[in-house]
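Data block below; observations after.
Any read-out appearing in this document is the output of simple, stated calculations on the displayed coordinates, not a laboratory observation. Only a predicted model underlies this, so the values are computations on that prediction, with no experimental measurement involved. Because the Cβ atoms are built from the backbone with ideal geometry, glycine has one as well, and the counts that use them run over all protein chains shown.
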Amino acid sequence: MTAAVAQPRQAPPVDDAPVHVDPRARFEIFGAVLLALFLAALDQTIVGTALPKILTDLHGNELYTWVVTIYLLTSTVTGPLYGKLSDQFGRRPMLMIGIGIFLFGSLLSGLSQTMWQLVLFRGIQGLGAGSLFPISLAVIGDIFSPRERGRYQGFFGAVFAVAMLVGPFTGGFLTDNVGWHWIFFVNIPVGIVALVVIGRLMPKVSHPERVISIDYLGAAAFTAAIVPIMLGLTNKVSNDWTDPSVAGLLLLGAVMLGLFLWIETRVKDPILHLGLFANRTFTASVLATSLVSFGFFGGIVFIPRWFQFVLGSSATASGYQILPMMAGLMIGSIGSGQIVSRTGHYKWLIVGGMSIAAIGLLLLTQIRAETSITTMWIWLAIMGLGIGPSMAVFTIVVQNAVPFREMGVATSALTFFRQIGGSIGRWRPRSPGS
């Protein structure tokens, strides 16, 4: 089967998908998209356990944190840009371009001979990964009806949970047995499978009525705003808020962000349609998912350190001691998606999930040196169970609240704010005694 050109339905009924795809092909596309997303999520965690060996071979201790930071930076910055481009040029070409760039960056990263090369090539990896997060979610909105989306969006939260769990183990296993280069090379065969399936089966959606217009000035201003903000948050880990490397960069980012918003109100076809924020459902979803990500990523960074410093666990063991939280997240994400798909109701899931997550976080503030590990696991499971619904439900809510022509932009905006919330949670002060 080859990809066909499809005409999107602008206002599909609840039982009709915006883009018609053969039922069997839909599930093959779904599997390929999950594979691609898994690779992008895996590369956020797989490098950590390999870094000591990488430093031994390539040296460059001063670039230690940049191997991870540059990937997060480039993937976060490019996400909204890919979302807009996918609305204009179609999901298939932009997703295939993103996967291709990601695989090219993976190949180069595995061939790196110096730390500078590795940082540069990890940045290229991130440029490709930036397409995988938002477009993968948008694809589900394209090929499944509003009523069906919940059934499948829930699996994306599970994919992230699995990637976070197996990433450190996979990185350590490959590094110890075949060499650190293979933590990057392993992406290539899996990514090629995803690329072939998407290229053969995903329809190329045409918008004959749309005039292609690229907001180059807005893209430049957006990049100039987000890069210093992300760097400032990164520097906050080891510096005070008043340090020029923190406050100066955040101030620069704020100024450029203001310029970006000014530009977006004046161009014909902006990267981020600010009118979306007039939609209360969209705005509430963006704010809520940012807060949830803040708590979640803060937890997955702080809790393993607590196990290490207080209980004396190894780095590897501490990573798997948060398994109850990941199990809760998977159950909450997949389960909530199934419930939304069957009932069509989601408000009580969102309110209930965030309430449970808040209870879990509140319980975790009570941990002491004498807190038993069983108690910790119960509290972590509660937190994960509450966070799980947000991984699926907010995406469903946003996609069902905007017209098809803006689904890519809306989905990428949600993903972007989720990543920003997670970045703040990941990089805030987090010593075990704080």
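Result for the chain in a Gaussian network model with C-alpha springs under 10 Å: among LEU137, LEU217, LEU414, the largest mean-square fluctuation is at LEU217. Computed from the C-beta positions of SER145 and VAL255 and an R0 of 45 Å, the FRET efficiency is 0.55 to the nearest 0.05.
Could you tell me the relative contact order of the chain? Use alpha-carbon pairs under 8 Å, at least six residues apart, and round to a whole percent. Relative contact order of the chain: 25 percent. Comparing GLY141, GLY100, GLY154, which has the greatest mean-square fluctuation in the GNM of the chain with Cα pairs linked when under 10 Å apart? For the chain, modelled as a Gaussian network with Cα springs under 10 Å, the answer is GLY100.
Here's how it looks for SER313: its modeled amide H is under 5 Å from those of GLN308, which are all 5 or more places away or on a different chain.
Viscosity 1.306 mPa s, temperature 10 °C: what is the translational diffusion coefficient of region 116-215 from Stokes-Einstein with a Kirkwood Rh over Cα pairs, rounded to a whole number of µm²/s?
Working: Rh = 16.7 Å.
D = 95 µm²/s.
Write down the Kirkwood hydrodynamic radius of the chain, to one decimal in angstroms, obtained as one divided by the mean of 1/r over all alpha carbon pairs. It would help to have the intermediate numbers written out before the result.
Values: mean 1/r = 0.0453 Å⁻¹.
Hydrodynamic radius (Kirkwood, Cα only) of the chain equals 22.1 Å.
Give the Debye-formula value of log10 I(q)/I(0) at each listed q (0.15, 0.19, 0.26 Å⁻¹), with one equal scatterer per alpha carbon of region 111-171, two decimals each. Ignoring solvent entirely, the Cα scatterers give -0.66, -0.87, -1.07. Here the gap between ASP22 and LEU51, fully extended at 0.36 nm per residue and compared with their Cα-Cα distance, gives a gain of 6.0 nm. Neighbour counts of C-beta atoms inside 10 Å place ARG26, ARG200, ARG91, ARG147 in the sequence ARG200, ARG147, ARG26, ARG91, starting with the fewest. This ranking places VAL246, VAL67 by how few other beta-carbon atoms lie within 10 Å of each, fewest first, which gives VAL246, VAL67.
Using Cβ contacts closer than 10 Å as the measure, can you line up MET376, MET164 from fewest to most?
Working: MET376 22, MET164 19.
By the 10 Å Cβ count, ascending: MET164, MET376.
Figure the gain on full extension for SER372 and ALA220 (residue separation times 0.36 nm, minus the Cα-Cα span) and round it to one decimal in nm. So the extension gain works out to 49.6 nm. Between amide H atoms placed 1.01 Å from N, distances below 5 Å from LYS204 occur with ALA4, VAL5, ALA6, all of them 5 or more places distant or on a separate chain.
Residues in region 101-109 carry Karplus couplings, in order, of 5, 4, 5, 4, x, 5, 4, 5, 4 Hz; the curve used is 6.51 cos²θ - 1.76 cosθ + 1.60 with θ = phi - 60°, and Gly or Pro positions show x. What the Kirkwood sum gives for region 270-423 is a hydrodynamic radius of 16.3 Å, with every pair of different alpha carbons counted.
The THR265 and ASN177 beta-carbon pair, evaluated with R₀ = 60 Å, returns a calculated FRET efficiency of approximately 0.65.
Multiplying the residue separation of LYS204 and VAL237 by 0.36 nm and subtracting their alpha-carbon distance yields 7.5 nm.
Taking a straight Cα-Cα cut-off under 30 Å and skipping sequence neighbours fewer than 8 places away in the same chain, the lysines within cross-link reach of LYS204 are LYS84, LYS268. With a 10 Å cut-off between alpha carbons and a GNM built on the chain, which of LEU39, LEU259, LEU107 moves the most? Per the Cα network of the chain with a 10 Å cutoff, LEU259 tops the list.
At 222 nm, what helix-only mean residue ellipticity would the chain give, in deg cm²/dmol to the nearest 500, using -39500 (n - 2.57) for each DSSP H run of four or more?
Values: 16 runs with 315 residues, N = 434.
That calculation yields -25000 deg cm²/dmol at 222 nm.
For region 243-331, the equivalent ellipsoid built from the Cα gyration tensor has semi-axes of 38, 21, 9 Å, listed from largest to smallest. Couplings 3J(HN,Hα) for region 250-260, derived from phi with the Karplus relation 6.51 cos²θ - 1.76 cosθ + 1.60 (θ = phi - 60°), are 5, 5, 4, x, 5, 5, 5, 5, x, 5, 4 Hz, where x marks Gly and Pro. Karplus-derived 3J(HN,Hα) values for region 23-33, using 6.51 cos²θ - 1.76 cosθ + 1.60 with θ = phi - 60°, are x, 5, 5, 4, 6, 5, 4, 4, x, 5, 5 Hz; glycine and proline are entered as x.
List the relative contact order of region 215-268 as a percent without decimals, with contacts defined as Cα pairs under 8 Å and 6+ residues apart. All intermediate terms of the calculation are to be shown ahead of the outcome.
Numbers: 51 pairs, mean separation 25.4, N = 54.
Rounded, it is 47 percent for region 215-268.
Principal axis extents of the Cα atoms in region 215-268, from largest to smallest and rounded to whole angstrom, are 42, 13, 10.
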